[in-house]
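Take a look at the structure set out below.
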Amino acid sequence: MDILPKVAIQGEEGSFSHEAGINYWGNAAVFIPKKTAGEVIASVEQEEADYGLLPIENSLIGSISTTYDALLESRLLITGEVITPISHCLLALGKVDVGSIERIYSHPAALSQCSSFIENLAGCEIIPIYDTAGSALKISKEKAQKSAAIASRLAAKLYDLEIIAERLEDYPKNQTRFIITAKEEGPSDQKASKTSIVFTTLHHPGALFDVLKVFNDYGINLTKLESRPHKIETWRYYFYLDFDGHRNDPSVSEALEELQERTNFLKVLGSYPAWKGSKRHALPTLGSMNDKSHLPLYSLERKGSRTVCTLNDERIGTVNIGGGDFTIIAGPCSVEGRKQLFKTANLIKESGVMILRGGAFKPRTSPYSFQGLEEEGLKLLQEARHAYGLYIISEVISPADVELVARYVDILQVGARNMQNFTLLKEIGKSAKPVLLKRGMSATVEEFLLSAEYILSQGNDHVILCERGIRTFETSTRNTLDLSCVPLLKEKSHLPVFVDPSHGTGNRNLVLPMTKAALVAGADGVMVEVHFQPESAMSDGNQSLDSSLYREFIKQIRWLIDRLEG
Ligand code: PEP
Ligand code: MN
């Protein structure tokens, strides 16, 4: 027997209804895609699905009339609601320019939420179809060139499309409220309930006022009033009303009785818990033993398998971070210039390491220290990427620079000083690039994981955790490298765990032994600083390996990996 609830959603996998469903049930539901509101309702009525999920209103374009109309005709009840942020992306087959797109497909509601973006596209044909994710599916299936879909980030991932523009909505706080429908009402003991009704009024002056007055008399707060045409009786209306309270509350049930006398027709659509942000509502009747959706997104118990971050550029080769290999990232602390970067990149490439680090934006303790070459540095890193065939990681220190840095690098780095820069974490969470998140120098493991949660909660699930030493009373090393957090993090989380023994110790002679220890402790890799001439480095020379120490480092680590595997 299937213990997960079956939920009919309006749209394909990756639609915003699907996102809303994940927001409500987490992974503890089986979603069944349907094309229309009518099909969703039929699926629940015919008991193919236990629940139906339908959009009912959007903060930019208002009510979704098809849902209101479908509700009136059906016998289903509303058993819940979920409010989900909606952010639209432009998806295409490859990394093409928006200007080269000749056709855009999407759901009409999504098209109207992105009206200013669309108005600015000259000569582009706009084609409304049944679903946002359906339009992404169409482009992917038909390999449609010069075409794009307006759909979710999730759809880009599911249908393997590139995001060529994002945040297309006219206003940033775009949200949609969805309702959950079922054959039976949920439990009646819910706190903070809402009730939805639909009615028609008698036909005399003040008839609507008479109805609304009842709510005033019983001190009941109204949250929404909507009218829809009667369809049979021209110029008469159905009024839909949402208010606070459960139909079994004494004041609500008395008010409903009075309403019977003041209306022509009255139907209670349901009493249900009001949505309270991302706290997921337990479904007491179904699968609660298996429901892990209350656990954080970083949790291994919740996900059940480990995250692997794959870098896959055919000109470079594949790297699987967290897939069981021990991955080495190496390079200078800062990008100082072409000669310095290229000499170091050459050394790294020769050693068989595939990821080059280098800071372009440097978060320095003193404002007078070298702050990095900024975009110039990123350009040099990209040149090195092409010249040597190396993946690039570089730090981003400001939310405003995320897009810029993401254009040049394969992995975004968040530095220790920014581990709790929540605005930065949220912005990075919207990027599709993997992120290496460093532990703050005074952060507990719990705080570290919650910072990762910020990124995961925005939809970016490729986070690599990196221990880089914490502040203790000890001053003989730059920081105290907390290697015990490696097995601890692997126990708590599915995310790959790295160690940075360079910043962790501040001493180049300790980098090799601490890397050996990290490897044995179960780390997925290390990030080390290397400089062809450390004595002249503009930052962190003391902890940087020179060419000969680096070659010895690689030799000994390879030897140890072989021993451990054998
Ligand atoms: C770095 O990796 O260059 C860096 C600044 O490290 P951290 O943020 O760990 O100090
Ligand atoms: Mn450094």
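Computed over the range 310-565, the Cα gyration tensor eigenvalues convert (square root of 5λ each) into semi-axes of 23, 22, 19 Å, ordered from largest to smallest. How big is D, in µm² s⁻¹, for the chain by Stokes-Einstein at 4 °C and 1.567 mPa s if Rh is the Kirkwood radius over C-alpha pairs? The estimated diffusion coefficient comes to 49 µm²/s. Ligands, DNA and RNA aside, His386 has an accessible area near 120 Å² when probed at 1.4 Å. Note: relative contact order over the range 1-101, using C-alpha pairs below 8 Å and six or more positions apart, is 27 percent. Across the range 89-166 the C-alpha pair distances fall into 5 Å bins from zero in the proportions 3, 19, 33, 29, 14, 2 percent. Share of carbon and sulfur in the accessible area of the chain stands at 50%, probe radius 1.4 Å. Of all aspartates and glutamates in the structure, the ones whose alpha carbon falls short of 16 Å from that of Lys231, not counting any fewer than 8 places away in one chain, are Asp69, Glu73. Bridgeable lysines around Lys426 (alpha carbons under 23 Å apart, same-chain partners fewer than 8 residues away excluded): Lys157, Lys173, Lys276, Lys279, Lys303, Lys362, Lys438, Lys492. Using a basic spin-label model with each label point 7 Å from the Cα along Cα→Cβ, how many nm lie between Thr318 and Leu488? The two pseudo-label positions are separated by 3.5 nm.
Of all DSSP beta bridges confined to the chain, the antiparallel ones make up roughly 55%.
As a length-normalised measure over Cα pairs under 8 Å and 6 or more apart, the relative contact order of the chain settles at 11 percent. Taking only the C-alpha atoms of the range 185-276, Rg followed by Dmax gives 13.3, 40 Å. Take each peptide in 455-461, 298-304, count the other Cβ atoms within 10 Å of every residue, and average; sorted highest first, the result is 455-461, 298-304.
Only helices enter this figure: runs of n ≥ 4 DSSP H residues, each worth -39500 (n - 2.57), summed and divided by the residues of the chain, yield -9500 deg cm²/dmol at 222 nm to the nearest 500.
Protection proxy ranking for 259-272, 408-421, using the average of other Cβ atoms within 10 Å per residue and placing the highest first: 408-421, 259-272.
Taking a point 7 Å out from the Cα of Ala400 in the direction of its Cβ, the residues of the range 408-423 whose backbone N falls within less than 18 Å of it are 421-423.
The values are calculated or read from the model by the stated rules, or taken from the named source; none is laboratory data. Just so it is clear, the structure is predicted and the values come from calculations on it, not from any experiment. Positions of Cβ are backbone-derived with ideal geometry, glycine not excepted, and every protein chain shown enters the neighbour counts. Each accessible area value is taken on the protein alone, full model and side chains, heavy atoms only, with ligands, DNA and RNA left out. Shrake-Rupley method; radii C 1.70, N 1.55, O 1.52, S 1.80 Å.
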